[in-house]
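Below: the structure, in structure tokens.
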Amino acid sequence: MSEQHTSKQLSVIGTGVIGNGWISRALAQGFDVVAFDPMEGAEARTRNAVKNAWPSLEKLGLADGASQERLRFVDSLEAAVENADLVQENVPERLELKREILAKLDAAAPNATIIGSSTSGFKPTDLQQDCTKAPGRVIVAHPFNPVYLLPLVELVGGEATTAAQMETARALYRDMAMRPLIVRKEIEGHIADRLMEALWREALHLVNDGVATTEEIDAAVVYGCGLRWSLMGTFLTFHLAGGDAGMRHMLEQFGPALKLPWTKLEAPELTDELIDKVVKGCEHQAADRPVAQLDKRRDDFLVELLDLVHKYWPEAEGLEGRI
């Protein structure tokens with residue numbers, strides 16, 4: 001993580017798993033954080049979540065001024081955004097609810113404040129519809145769990161969004177040690193979720209058709225393609241598969257296979273039988289370990305992996321500004 005000190009304020013609306021992830025990351029980067037969530041017990045749950053995330057964040061390296069004490073809860077949405085540099089909305093994934101909350105945030109926040117929605121699927125133009133004060137600053141800012149460790153955030157602007165607003169957003173999320181990816185066109189599901197959804201659908205077919213168990217499918221990713229993807233992604237991995245001639249040779253050799261009916265991108269029907277197979281398979285993989293224990297195991301792994309991949313990311317080779 002970065003070591004620069006910042007006195008910027010992140011305001012977080014909704015403190016579930018994703019909201020608490022944003023809070024933990026921002027505190028670790030020296031932000032002041034103001035949170036609002038009307039649910040009973042929200043503050044206690046958030047402070048406990050931050051406490052649990054903190055050891056992993058300490059291993060990665062805290063910014064100057066980082067402190068769990070820089071978090072405070074307020075009792076209204078308006079009070080939360082009063083002095084915000086950046087607002088992050090994390091309410092449940094219902095379009096009507098998000099539009100209602102985002103309209104209130106737009107009315108209450110200073111005009112220059114960027115308002116990011118953590119939505120995994122909705123388009124920003126749809127989210128902006130009820131905003132009348134400065135709708136362009138309402139954008140999609142979609143992170144990945146655990147937000148306090150995984151650096152990708154997909155930024156998507158709507159019809160009312162300007163290039164300057166997107167650059168402001170990019171800089172703010174970089175201040176939180178994120179790696180912002182500006183999505184060029186609005187599309188449901190953005191980029192990463194569409195890729196994950198395709199893999200998820202195919203995996204469900206393999207379980208449904210009796211080809212593999214959930215554990216066997218996960219093994220195929222964990223010990224194979226997933227290791228390559230964590231460094232190179234899909235396209236660069238296939239570029240290397242073409243040998244010295246690269247992607248062109250790979251496409252010439254393997255491109256015709258795209259015409260073969262290998263995959264089934266339409267999702268299978270979620271029958272009770274398929275649901276039972278998936279649930280029982282995952283419970284077998286969990287081996288009676290509680291989710292909190294699996295969370296810690298995941299975080300320990302990611303901290304070590306991030307420490308490794310930082311040495312191989314583009315900037316380590318002097319390729320600044322590259323993804």
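Per-residue accessible area (protein heavy atoms, 1.4 Å probe) orders H190, H284, H239 as H284, H239, H190, starting from the largest. Ligands, DNA and RNA left out, the accessible area of the chain computed with a 1.4 Å probe is 55% carbon and sulfur.
The modelled label-to-label distance between K311 and F238, using points 7 Å beyond Cα along the C-beta direction, is 3.1 nm. Classify the range 226-323: rounded, prolate or oblate, from the alpha-carbon gyration tensor (a ≥ b ≥ c, eigenvalue square roots; a/c under 1.5 rounded; otherwise prolate if a/b is larger than b/c)? It comes out oblate by the Cα gyration axes.
For Y148, the solvent-accessible surface computed with a 1.4 Å probe is close to 30 Å², ligands and nucleic acids excluded. For the range 162-180 and the range 281-323, what is the separation of their C-alpha centers, rounded to whole Å? About 23 Å separates the Cα centre of the range 162-180 from the one of the range 281-323.
Can you give me the angle between helix 291-309 and the longest principal axis of the chain, using Cα atoms only, in degrees from 0 to 90, rounded to the nearest 10? Its long axis makes an angle of about 80 degrees. The accessible area of T161, taken with all protein chains in place and a 1.4 Å probe, comes to roughly 30 Å².
In this calculation the C-beta distance from E197 to E159 is compared with R0 = 30 Å, giving a FRET efficiency of 0.75.
Mean silhouette area of the range 209-254, derived from the convex hull of its C-alpha atoms and averaged over all directions, reads 4.2 nm².
Per-residue surface analysis assigns I275 an accessible area of about 70 Å², computed on protein heavy atoms at 1.4 Å probe radius.
Accessible area per residue for the chain, computed on protein heavy atoms with a 1.4 Å probe, is 56 Å².
Residues L60, L105, sorted by accessible area with the largest first, give L60, L105 [1.4 Å probe; ligands and nucleic acids excluded]. Can you give the angle from 0 to 90° between the axis of helix 95-108 and the longest principal axis of the chain, with both taken from C-alpha atoms, to the nearest 10? Here the helix axis deviates by roughly 30 degrees. Reported to the nearest whole Å, the Cα centre-to-centre distance from the range 234-253 to the range 41-103 is 43. Each residue of the range 39-170 gets 121 Å³ once the volume of the Cα convex hull is shared out per residue. Working note: Karplus 6.51/-1.76/1.60 with θ = phi - 60° gives the range 203-210 the couplings 5, 5, 4, 5, 5, 4, 8, x Hz, where Gly and Pro are set to x.
The residues L302, L152, sorted by heavy-atom accessible surface at 1.4 Å with ligands and nucleic acids left out, run L152, L302 from largest to smallest. Each label point was placed 7 Å from the Cα along the Cα-to-Cβ direction; for R322 and L274 their separation is 4.1 nm.
Annotation: lysines with alpha-carbon distance below 23 angstrom to K296 (same-chain offsets under eight excluded): K51, K59, K280. A full extension of the chain between N145 and D75 corresponds to an added length of 22.5 nm, given 0.36 nm per residue minus the alpha carbon distance. The residue list A53, G16, A42 was ranked by how far each Cα lies along the charge dipole of the range 1-62 toward its positive end, using unit charges on Cβ atoms, and A53 comes out on top. For the chain, give the share of DSSP beta bridges that are antiparallel, in percent and rounded to the nearest 5; count only bridges with both residues there. Here the antiparallel bridges make up roughly 10 percent for the chain.
The values are calculated or read from the model by the stated rules, or taken from the named source; none is laboratory data. This one's a predicted model, so the numbers in the text were calculated from it and none came from an experiment. With ideal geometry, Cβ positions are generated from the backbone for all residues, glycine too; neighbour counts draw on all protein chains shown. SASA here: full protein model, heavy atoms, side chains in, ligands and nucleic acids out. Shrake-Rupley method; radii C 1.70, N 1.55, O 1.52, S 1.80 Å.
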